[in-house]
Amino acid sequence: MMKLHIKNMVSSRCRLVVKEELEKFGLHVTIAGSGEAQIKESLSAEMRRMLEKELAKKGFEVLDEKRSRLIEQIKGYIAEMVHYSDDQIKNNFPVFLSCRINISYAFLDKLFWEVNNMSIESFFILQKIEKVKELLVDYKLHLPEIAFQLNYISETQLLTQFRNVTGYSPTHFLKIKRYKNSELENIRIS
């Protein structure tokens with residue numbers, strides 16, 4: 001599977017236009033919400049040029065390999081740190097990322113914004129909230145434990161971020177999750 005990072009693909013309408021353009025070339029496409037198109041087939045250099053030309057007519061830009069790799073690196077470091085590391089970064093995250101990739105954080109954040117229509121910090125927060133949901137549902141941890149594990153200053157900071165991202169309190173989120181699970185169980189039993 002091949003990934004293309006496409007600049008300016010920021011709304012559902014944009015994603016639809018890009019998907020239609022790629023499908024005109026006979027490609028099997030899945031569009032991710034983060035400026036990314038996953039293509040089942042590989043592209044020849046000529047097909048890629050034609051595709052880039054058609055997308056440019058619609059106001060989109062296919063990022064070159066180097067910039068695409070940078071986006072993937074950023075996402076990879078964030079995912080690794082949030083989901084797979086027992087050791088949360090205790091120091092300044094922008095400094096950590098900048099040192100790890102060896103490029104200024106300002107440049108990385110600008111590139112990330114252009115492609116994903118969100119800052120690196122916003123993406124980092126989204127990943128942390130996904131981890132909070134996992135820890136609440138799968139591991140049944142309590143909020144103080146989660147706040148400590150994910151390096152929040154306080155439980156209040158965690159609650160505020162959770163509510164801002166999801167629109168729900170963690171307690172309400174758990175109630176909804178339990179209700180949906182019980183509905184699924186009722187369907188299976190019937």
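No value in this document is a laboratory result; all are computed from the given coordinates. Just so we're clear, the structure is a prediction, and the values are computed from it rather than from any experiment. Glycine gets a Cβ as well: all are built from the backbone with ideal geometry, and neighbour counts include every protein chain shown.
Quick notes
- For Phe112, Phe107, order by how many other beta-carbon atoms lie within 10 Å, fewest first: Phe107, Phe112
- Ranking Leu159, Gly26, Tyr84 by how far each Cα lies toward the positive end of the dipole of the chain (charges on Cβ) leaves Gly26 at the top.
- Centroid-to-centroid separation of segment 1-43 and segment 139-190 [C-alpha atoms, Å]: 32
- Each pair of Cα atoms in segment 2-62 enters the Kirkwood radius, and Stokes-Einstein at 10 °C and 1.306 mPa s then converts it into a translational diffusion coefficient of 141 µm²/s.
- Using only side-chain charges placed at the Cβ, +1 for Lys and Arg and -1 for Asp and Glu, the dipole size of segment 67-177 relative to its Cα centre rounds to 220 debye.
- Once exposed loop trypsin sites (Lys or Arg not before Pro) are cut out (DSSP; at most 16 other Cβ, 10 Å), longest piece of the chain: 141-190
- Rh by Kirkwood over Cα pairs, then Stokes-Einstein D for segment 67-177 at 0.890 mPa s and 25 °C, µm²/s: 166
- Charge tally for Ile78 (other residues, Cβ to Cβ under 13 Å; Lys, Arg +1; Asp, Glu -1): -1.
- Magnitude of the charge dipole, segment 1-160, Cβ model with Lys/Arg +1 and Asp/Glu -1, debye to 20: 460
- Dividing the radius of gyration of the alpha carbons in the chain by their Kirkwood radius gives 1.04 for Rg/Rh.
- For Lys180, the lysines whose Cα comes closer than 16 Å to its Cα, not counting residues fewer than 8 places off in the same chain, are Lys133.
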